[in-house]
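The block underneath contains the structure these notes are about, expressed in structure tokens.
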Amino acid sequence: MLRSILGPDDDIPDLLQEVFIRAMDRIGTVREADRLGAWLTTIAVFVGRAHIRLRSRRNWLRLFSPERTAPQHLQQPPPDARRALRDIYLILDEMPVDQRMAFVLRYIHGVSLVEAAESCGTSLATIKRRLSRAQRRFQEAVRLRPALVGWREEGMRWAEKKS
């Protein structure tokens, strides 16, 4: 869930630990054992949201600190896929946090609308409004990014209807 919310981020292991620390602190509040996954997802959403807000506040510090830790070396996807992923997360970075959470939960992580609303601690109507706004933003932004045009045309959800 954190990787879906944040994209490639070196802080994910620390944030995952934060999710489990919070879960252990609050384990006594769980009433239904079969809802444990949704409960953990809610904690992850709030940890991810807090990290996005903190990251956006600290963005200006990058100007003063060009030395960054080297990213972990994993098997890399093809260059066009890396460009597309980078562009998608740039689009997500421009979205309001609540819209981003709705979009990521629904379209990247694949949860139902009810699960997304529950994870964000909001009503179904609110999550639908946020998702609708996020979809419009995403579609408009994709049209402006050449690296994503091909991916959009290959996809099913946002492909242009051909007459």
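The values are calculated or read from the model by the stated rules, or taken from the named source; none is laboratory data. Everything numeric here is computed off the predicted structure, so don't read it as measured data. Positions of Cβ are backbone-derived with ideal geometry, glycine not excepted, and every protein chain shown enters the neighbour counts. We work out accessible area using only protein heavy atoms, side chains counted, and drop any ligands, DNA or RNA first. Shrake-Rupley method; radii C 1.70, N 1.55, O 1.52, S 1.80 Å.
Of note:
- The residue of region 1-23 that is least open to solvent (accessible area, probe 1.4 Å), among those that are over 20 Å from residue 97 (Cα atoms) and not basic (Lys, Arg), is 23.
- Residues (open to solvent by 50 Å² or more (accessible area, probe 1.4 Å) and over 20 Å from residue 113 (Cα atoms)) located in region 24-49: 24, 25, 26, 27, 28, 29, 31, 32, 33
- If you check 81, 125 for being in contact with a helix residue (DSSP H, G or I) (Cβ under 9 Å, 6 or more places away or on another chain), in a helix (DSSP H, G or I), at pLDDT below 90 and loosely packed, with under 15 Cβ neighbours inside 10 Å, only one passes: 81.
- Within the set 138, 103, the sole residue that is crowded, with 17+ Cβ neighbours inside 10 Å, among the aromatic types (Phe, Trp, Tyr) and closer than 18 Å to residue 46 by Cα turns out to be 103.
- Within region 106-122, the set of residues being among the hydrophobic types (A, V, I, L, M, F, W, C) and either open to solvent by 10 Å² or more (accessible area, probe 1.4 Å) or more than 14 Å from residue 4 (Cα to Cα) (or both) comprises 108, 111, 113, 114, 117, 120.
- Filtering region 1-35 to residues that are assigned to a helix (DSSP H, G or I) and of a type in the set (Asp, Glu) leaves 14, 18, 25, 34.
- Yes/no for residue 149 being aliphatic (A, V, I, L, M), at pLDDT 85 or above and open to solvent by 30 Å² or more (accessible area, probe 1.4 Å): no
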